[in-house]
Amino acid sequence: MPGYAKDKLKIQARLRRIEGQVRGIEKMVDDDRYCIEVLTQVSATRAALESVALQLLADHTEHCVAEAIRSGGGNRHVRELNDAVQRLVKS
């Protein structure tokens, strides 16, 4: 079971809203909206995706990493977590 199982419905709903935001940005470009308005929506969408990523990281830490540590195999999961955090910070 994935670490995000308890939040799966919430994450799916949030991703659907983000998908709608992206479609809205596309429509703004189609409608030749002012650049700053489009950039504002891009920023909001990016923040929403980062929020989902943080939720997934928290769930992974609290479930997968914690369980691996309890069972004695936490080193690999901790390295995976650190790598995931690095990728998110760099993006």
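The values are calculated or read from the model by the stated rules, or taken from the named source; none is laboratory data. In this text, all values refer to a predicted model and were calculated from it rather than measured experimentally. We place every Cβ from the backbone using ideal geometry, glycine too, and count neighbours over all the protein chains shown.
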In this structure, does Q86 turn out to be surrounded by 12 or more Cβ atoms within 10 Å (Cβ to Cβ) and either among the polar types (S, T, N, Q) or touching a helix residue (DSSP H, G or I) at 6+ places or on another chain (Cβ under 8 Å) (or both)? no
Among the residues of region 1-14, the number that are surrounded by 11 or more Cβ atoms within 10 Å (Cβ to Cβ) and not in a helix (DSSP H, G or I) is 3
The correct count of residues that are over 30 Å from R17 (Cβ atoms) and of a type in the set (V, I, T) in region 45-76 is 1
Within region 45-77, restricting attention to residues that are over 21 Å from K6 (Cα atoms) and surrounded by 14 or more Cβ atoms within 10 Å (Cβ to Cβ), which residue is modelled with the highest pLDDT? T45
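Run down R33, R17 and say which single residue is in a helix (DSSP H, G or I) and free of Cβ contacts under 8 Å to residues at least 60 places away in the same chain.
Values: R33 fails: in a helix (DSSP H, G or I).
R17 is the lone residue from the list that is in a helix (DSSP H, G or I) and free of Cβ contacts under 8 Å to residues at least 60 places away in the same chain.
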Among the residues of region 1-55, count how many are hydrophobic (A, V, I, L, M, F, W, C), over 14 Å from the mean Cα position of the chain (by Cα) and within 24 Å of K90 (Cβ to Cβ). 4
Of all residues in region 52-78, which are closer than 23 Å to I11 by Cα and either in contact with a Phe, Trp or Tyr (Cβ under 7 Å, 6 or more places away or on another chain) or assigned to a loop (DSSP other than H, G, I, E, B) (or both)? L56, D59
Would you pick out the residues in region 1-44 that are modelled with pLDDT under 95 and of a type in the set (S, T, Y)? Y4
